1. Tell me the mean residue ellipticity at 222 nm calculated for the protein assembly as shown from its helices only (DSSP H runs of n ≥ 4, each -39500 (n - 2.57), averaged over every residue, nearest 500).
2. For the protein assembly as shown, what is Rg from Cα atoms divided by 2.2 N^0.38 Å, rounded to two decimals?
3. How charged is the neighbourhood of B:Leu48? Take every other residue with its Cβ under 14 Å from the Cβ of B:Leu48, and add Lys/Arg as +1 and Asp/Glu as -1.
4. Between the chain alone and the structure with every protein chain in place, find the residues of region B:177-199 that drop at least 20 Å² of accessible area; heavy atoms, 1.4 Å probe.
5. Can you tell me what the convex hull of the Cα atoms of region A:1-131 projects to on average, as an area in nm²?
6. Which of the listed residues, B:Phe29, B:Tyr113, B:Thr258, is farthest toward the dipole's positive end in chain B, when Lys, Arg count +1 and Asp, Glu count -1 at the beta-carbon?
7. Report the net charge of residues surrounding A:Leu188, where surrounding means a beta-carbon distance below 13 angstrom and charges are Lys +1, Arg +1, Asp -1, Glu -1.
8. Once the whole set of protein chains is in place, how much accessible area is left on A:Val230, using a 1.4 Å probe, in Å² to the nearest 10?
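The values are calculated or read from the model by the stated rules, or taken from the named source; none is laboratory data. The structure presented is a predicted model; accordingly, all values stated were derived computationally and were not measured. Note that each Cβ is placed from the backbone with ideal geometry, even for glycine, and that neighbours are counted across all protein chains shown. In case anyone asks, the SASA skips ligands and DNA or RNA and just uses the protein heavy atoms, side chains included. Shrake-Rupley method; radii C 1.70, N 1.55, O 1.52, S 1.80 Å.
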Amino acid sequence: MSLEVRGLHAGYGRLAVLHGIDLSAGEGELVAVIGANGAGKTTLLRALSGLLPVTAGTVHLAGTDVTGYGPEKLARTGLAHVPENRLVFPSLSVADNLVLGGYTRRRGPASARAEARDRAMALFPRLEPRLEQAAGTLSGGEQQMLAIARGLMAQPRVLVLDEPSVGLAPRLVGEIFSALGQLRDDGLTLVVVEQNARAAFAVADRVSVMDRGRVVLEGDPAALSTDPRVSGGFLGGGFAADADADAAPAAEAPGGTPVVPRSGSGATRATERT
Amino acid sequence: MTDLLQLLFAGLSQGAVYALVAIGFVAIFTVSGVINLAQGEFAALAGLVAISAVGSGLPLLAAVVLAVVSVALVAVIMERLVIFPVKRMTTLVSLILTLGVSTGLKALMLLVYGPNAEGLTPLTPGGFSVAGVSIRYQELWILLIAGIVSLAVYWFYERTLAGKSLRACAEQPVAARLVGISLTKASLISFLIAGTVGAIAGVLASPIFFTSWESGLTLGLKGFVAATLGGLISVRGAVLGGLLLGVLETLTAGYISTGLRDAVAFLLLIIVLVARPAGIFGRSAEARV
Ligand SMILES: Nc1ncnc2c1ncn2[C@@H]1O[C@H](COP(=O)(O)OP(=O)(O)OP(=O)(O)O)[C@@H](O)[C@H]1O
Ligand SMILES: [Mg+2]
């Protein structure tokens, strides 16, 4: 199922945060969205999953206009959102968290629910022995796995994730991202918001860079990872701070976040929209 | 010794009524952060509806069912008219709104049923005496039915998908919305539960404690104190809080002074709020309902 976002505007009350976002993810594609703190990444995902009203622009899922759908309807249509900070249900068991993840499919066939659960367990075998444990007692990494597994229980065709790697040890980050890669290979469409550009670039098919509510660059990860504007300004130095990152000289003054018009970034627009 | 047993028994049946009212507070507060000051009025209204239905010739059981169903309906209508339309509900706003509903219900009851306190016909009249402790059959009914209702509510939250979805709303409203649970539906269901348990408390208590248009005030306060003893977010805590309050009240009335009876609730409330705001039966702050 493809995801197509056109000219999306959204914000909080009178505060406009997103100023015309274009983003597309084809079926079975993993798109990473990176950007500094406050760039509007979380706001974008909230608007996509219906938590925030879209004030202008459109969202299409597999060609169907789903703009203005609420979270429940979007979940039933096939979009699941794994939120920032995991937000597992702490006093409920891991098993109950998973059951609630499939809430919109509760009247669907039991076989489909069992299959979704088996796939989630296969992806994160660490959860299996902890099914009866209260979710709040899981480690941070396990909670992240549970949050993703809970999202998968909705049997989505498009999965959007908000900073799945935040606060995790490098080995766990690897584990989570290889799971995401596996989901992509199974045909799921993924949009992953990340600050950990290194991890995101390693698995992404395409990357969009956000700054102050706009997509300022997009292209394939290989081209973008050496782009001085990425390592320099847009991540607030996050990418360059990685010890073994390509230390491309920052073209712009450090600290300053130059807004480069998207039309001016032709060189990095390596992939055509579909 | 006989005195003590007698007081304990009376305290437990009184406490069971508080426990049911307390469950109503917990059911609503966990889902939406609303403190429902009309919770006591649910009980009073159910008592009065049942009394007048019996008075107009309905069999007792039918009158009780009518009372519980109509009060549950009142609770649901209250949610739709007063709670649902508010965009940004805070606990303070909820206090003001539900105080308004409470006052309105009281005025309505005074208008319709008059100022006198009356008692509903007991389910089984009379009583008996064991080892010097006199027991009314109605008190046994209170304990039995309150026990069954509490267990049923507990089972609902712990074992059913609908109950778990309400707990999910209470713990992580954003994540609950993302998995497709409707917060507005959850709030409605929480009022349905609160109306039902409040009404059951009202019809159970009426034969012994009598009902008037204003009896919801004390019952509501006692129920609120019981719920707070349990941390306001736990059904188990609410039940234990209700029983503890009932027993302490009758012991105080029996051994110290009847006049101090109603002071016990406030003393307990102050002690708990100062010493253990999470409730004395609270597990962790996270373990809700
Ligand atoms: N609930 C809210 N109410 C008002 N403003 C908000 C709210 N949430 C976010 N904002 C503002 O919207 C802007 C974008 O925030 P957003 O959370 O989308 O950024 P982000 O890219 O996800 O940042 P981070 O990487 O830190 O998670 C920020 O300026 C923030 O202050
Ligand atoms: Mg964010």
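1. Here the helix-only value at 222 nm equals -16500 deg cm²/dmol.
2. Compared with the compact-globule rule of thumb, the protein assembly as shown sits at 1.19.
3. Charge balance in the 14 Å sphere: -2.
4. B:Arg177, B:Leu178, B:Val179, B:Gly180, B:Ile181
5. On the way: hull surface 37.6 nm².
The number I arrive at for region A:1-131 is 9.4 nm².
6. Working it through, the farthest residue towards the positive pole turns out to be B:Phe29.
7. -2
8. Roll a 1.4 Å probe over it and A:Val230 shows about 0 Å².
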